[in-house]
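Written out below as structure tokens is the structure these notes cover.
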Amino acid sequence: PSIKRVLAVDLGASSGRVMLAAFDGIRLELREIHRFDNMAIEERGSLYWDVEGLLKEIKVGIRLAAEDQPILGIGVDTWGVDYGWIGQDGALLRKAHHYRDARMGKHAAELERLLPRVEQFKLTGNQPDVINTVYQLFSDLQEAPELRERASSILMMPDLFHYELSGVKASERTIWSTSGLLTAGGSGADTDVLTRLDIPSELIVPIVPAGTVLGELRPDLQAELRCGPMRVIAGASHDTASAVASVPYKASLSAESERNSESAAFISCGTWSIAGIETSRPVVSEAAFERGFTNEACYGGGNRLLKNITGLWLLQECRKHWNAEGENFSHTDLVSLAEAAGPADSWIDPNDPRFSAPGDMPERVRQYCRDTGQPVPDSPGEIARLVLESLADAYGRSIDELEVVSGRAIAAVHLVGGGSRNALLCRLTAQRTGRSVISGPVEASAAGSALIQLAALGELDFARRADIIERSFTLERFEPHSRTN
Ligand code: LRH
């Protein structure tokens, strides 16, 4: 059978990769073509992304992949909420900010006076958070009012890369559903939100559904990269939406649990951990608002009811700190040290605001323990263990709350993304959630992107995705009663 190939470009907040997906009609094979760091740039106290650098790396990946074979399509997915300002001439007007930049702190109170938190949630389904696009955009317009004249539009990160690749400007729905600007469950910017915050509606180009073929790779890029034509496809361009599109739900539920109409939750685990379930419509009840849930869009039109939990960011920052002090830990080293350290005596709330900015994370963890009167961990192994147990605890609380908020019984949890490779985290998650955990796929966002692109090109039936994923990737099962040291 002929093999169909697409490129899934998955940009996370700490690294990016260009993955080549090959589908033979039965199995999907993913091969990493190019991996690179995605480092925040700090300049005079502000934090930015290196958009140009990322584009260069994407091009390296395209050139490498297209050397040997024809590629049918390419799609980019990224982390949520961030965007670039596009000028009247169609070029990026200024450096794109990182969501961990501090400028929103000065403007959040005014925004919330004009549009109270609970109203934001009711209108958009999004849990108010200073990182949301709406807070960033409002802050930019306060600090640089000239943007109103100078800008033609804003493009979310994946839209920006799709625009660079195809020349077509479009707003993809799943990434925009992280913005705090769309009507809950709808497919356009919310006029109430825009009016109350005085945000010009012209800034937002029309929203397209996930799985839209935008156009061809620009001819000049085809020449530069010595590749043939390929379609540029806006898949589920929010990385979490893409990851969720790869979840093989069928694998988790026994016939019995299906009879009891129990369902499964997902946890997408990378820099962030995102715990949620799929629902047909946004859940904008008070119970969901008070417990910190948010609603984001799925490929195919459904809804993700989820909670964003600060994830492996905590360990990434610890590692950065220790390595700067002369250690040379890999992520795997830290997991081994955490295994060896044995159960932790203390815990942290990963979502405590003190952990959100870059910095000396080991000391912040210790300080949290001091402030809360708990034993203070010392060695890297102890700290790593405490972090992983605390993440698993946070997952457990979120899954219990999801049951309350949705009225559903959750029998199993799918742990996907980079964190699913971490067997200790999987075991702890099974224990602390009290549910079966099915881990994998590891490259969930790339797998989801490939499935959606191939479906958009008419090469794959998305309804068969669970079978395809089960056949293509190693999934592991962890039970709540399994032993951990
Ligand atoms: C994870 C993620 C998450 C949030 C955050 C900003 O990469 O997309 O879902 O939106 O980034």
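On the given criteria, is residue 345 over 28 Å from the mean Cα position of the chain (by Cα), outside any helix (DSSP H, G or I) and either modelled with pLDDT of 95 or more or farther than 22 Å from residue 432 by Cβ (or both)? Please lay out each step first, then the result.
Values: over 28 Å from the mean Cα position of the chain (by Cα): yes; outside any helix (DSSP H, G or I): yes; either modelled with pLDDT of 95 or more or farther than 22 Å from residue 432 by Cβ (or both): yes.
In short, yes.
Would you check which residues across region 239-284 are among the polar types (S, T, N, Q) and within 16 Å of the ligand (Cβ to nearest atom) and list them?
At the first step, the residues of region 239-284 found to be among the polar types (S, T, N, Q) are 240, 242, 246, 252, 254, 257, 260-261, 263, 268, 271, 273, 279-280.
Listed by number, the residues that qualify are 240, 242, 246, 268, 271, 273.
Considering only residues that are in a helix (DSSP H, G or I) and closer than 21 Å to residue 135 by Cα, look in region 198-238 and name the one that is nearest to the ligand (Cβ to nearest atom).
203
Scan region 18-43 residue by residue and report those that are crowded, with 22+ Cβ neighbours inside 10 Å and either within 19 Å of residue 59 (Cα to Cα) or small (Gly, Ala, Ser) (or both).
Listed by number, the residues that qualify are 18, 19, 20, 21.
Given 311, 342, which one is more than 16 Å from the ligand (Cβ to nearest atom) and either among the hydroxyl-bearing types (Ser, Thr, Tyr) or in contact (Cβ under 8 Å) with a residue 60 or more places away in the chain (or both)?
342
Going by the conditions given, is residue 247 surrounded by 15 or more Cβ atoms within 10 Å (Cβ to Cβ) and part of a loop (DSSP other than H, G, I, E, B)?
On the way: surrounded by 15 or more Cβ atoms within 10 Å (Cβ to Cβ): yes; part of a loop (DSSP other than H, G, I, E, B): yes.
Criteria met by residue 247.
Residue 325 is checked against (1) closer than 19 Å to residue 449 by Cβ; (2) without any contact (Cβ under 8 Å) to a residue 12 or more places away in the chain; (3) not aliphatic (A, V, I, L, M) and fails just one. What number does that condition carry?
Condition (1) is where residue 325 drops out.
Looking only at region 294-316, which residues are assigned to a loop (DSSP other than H, G, I, E, B) and within 24 Å of residue 280 (Cβ to Cβ)? Break it down into steps so the answer makes sense when it comes.
Filtering region 294-316 for residues assigned to a loop (DSSP other than H, G, I, E, B) gives 298-302, 311-312.
Correct list: 298, 299, 300, 301, 302.
For region 62-162, which fully contained strands (runs of 3 or more DSSP E) count at least 1 residues that are polar (S, T, N, Q) and more than 16 Å from the ligand (Cβ to nearest atom)?
Answer list for region 62-162: 151-156.
Residues that are surrounded by fewer than 18 Cβ atoms within 10 Å (Cβ to Cβ) and of a type in the set (Val, Ile, Thr): does region 228-241 have at least one?
Taking region 228-241 and keeping what is surrounded by fewer than 18 Cβ atoms within 10 Å (Cβ to Cβ), we get 228-229.
Narrowing further to those that are of a type in the set (Val, Ile, Thr): none.
No, region 228-241 contains no residue that is surrounded by fewer than 18 Cβ atoms within 10 Å (Cβ to Cβ) and of a type in the set (Val, Ile, Thr).
The values are calculated or read from the model by the stated rules, or taken from the named source; none is laboratory data. Computed from a predicted structure; not experimentally measured. Heads up, the Cβs are rebuilt from the backbone with ideal geometry, glycines too, and the neighbour counts pull from every protein chain shown.
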